[in-house]
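Chemist: I am attaching a structure below and will ask some questions about it afterwards.
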Amino acid sequence: MKVACVTLGCRTNQHDTAEMQTLLEQEGFSIVSGKEKADAYVINTCTVTQRSDTSSRLAVKKSLAINPDALVVFTGCYAQLNPEEASQINGLDIVLGNADKLRIANLIKKKLLNPGQPWRKSASTETILSDIHKKRIFRTIPVRNFQGMTKAFIKVQTGCDE
């Protein structure tokens, strides 16, 4: 199965995407470009400006234009700070908070590879959101591939306000 990750925003998001891609590859998923047809799209969002919010919503629309039946996961700062608004975006399947990003591979696997329940888009959006202010555990995994980057990043923070 193919998963495309689209990253908007800061270097922290770029590192978070690299972590998610690593986890997805470990579970047997193939990582493809956001411009390719995929079974799932992970949109790692930013919400620093109104323009970044618009870009995040547009990324969902572009993904669904490529594959209207794809599983679409919306994560990152927009998802964390505005989950109710995010869940109203047409075509989204999962709104995933920042503290739960490292669950991405298991969530996608559960949705797409569940033998008892074949994947079909639903009208409702599942929201998975932990309070980032209560969870103070710094979680990270080793990353060896920063796709499209010439330099690697060292993660020293998680999110805009931590």
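Chemist: Given the structure, is Ala40 under 18 Å from Val6 (Cα atoms) and touching a residue at least 60 places away in the same chain (Cβ under 8 Å)? Spell out how you get there, then give the answer.
Modeler: On the way: under 18 Å from Val6 (Cα atoms): yes; touching a residue at least 60 places away in the same chain (Cβ under 8 Å): yes.
Against the criterion (under 18 Å from Val6 (Cα atoms) and touching a residue at least 60 places away in the same chain (Cβ under 8 Å)), Ala40 qualifies.
Chemist: Then there's this: Testing Gln26 on (1) touching a helix residue (DSSP H, G or I) at 6+ places or on another chain (Cβ under 8 Å); (2) exposed (fewer than 15 other Cβ atoms within 10 Å of the Cβ); (3) at positive phi, one condition comes back false. Which one is that?
Modeler: Among (1) touching a helix residue (DSSP H, G or I) at 6+ places or on another chain (Cβ under 8 Å); (2) exposed (fewer than 15 other Cβ atoms within 10 Å of the Cβ); (3) at positive phi, Gln26 violates only (3).
Chemist: Filter the stretch 98-110 down to residues that are among the charged types (D, E, K, R) and touching a residue at least 60 places away in the same chain (Cβ under 8 Å), then give me how many there are.
Modeler: Within the stretch 98-110, the first condition is being among the charged types (D, E, K, R), and the residues that meet it are 100-101, 103, 109-110.
Filter once more, so that each one left must be touching a residue at least 60 places away in the same chain (Cβ under 8 Å): 101, 109.
Number of matching residues: 2.
Chemist: Within the group Thr75, Thr12, which residue is under 17 Å from Ser124 (Cα atoms), buried (at least 18 other Cβ atoms within 10 Å of the Cβ), under 14 Å from the mean Cα position of the chain (by Cα) and in contact (Cβ under 8 Å) with a residue 24 or more places away in the chain? Spell out the reasoning first.
Modeler: Working: Thr12 fails: under 17 Å from Ser124 (Cα atoms).
Going through Thr75, Thr12 in turn, just one is under 17 Å from Ser124 (Cα atoms), buried (at least 18 other Cβ atoms within 10 Å of the Cβ), under 14 Å from the mean Cα position of the chain (by Cα) and in contact (Cβ under 8 Å) with a residue 24 or more places away in the chain: Thr75.
A quick yes/no check of all residues on (1) farther than 19 Å from Thr125 by Cβ; (2) of a type in the set (Ser, Thr, Tyr):
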site: Glu19; (1), (2): yes, no
site: Ala40; (1), (2): no, no
site: Thr45; (1), (2): no, yes
site: Gln50; (1), (2): yes, no
site: Asp93; (1), (2): no, no
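The numbers here are math on the coordinates, done by the rules we state, and not lab data. Being a predicted model, the structure only gives us computed values, none of them experimental. Here the Cβ is made from the backbone with ideal geometry for all residues, glycine too, and neighbour counts use every protein chain on show.
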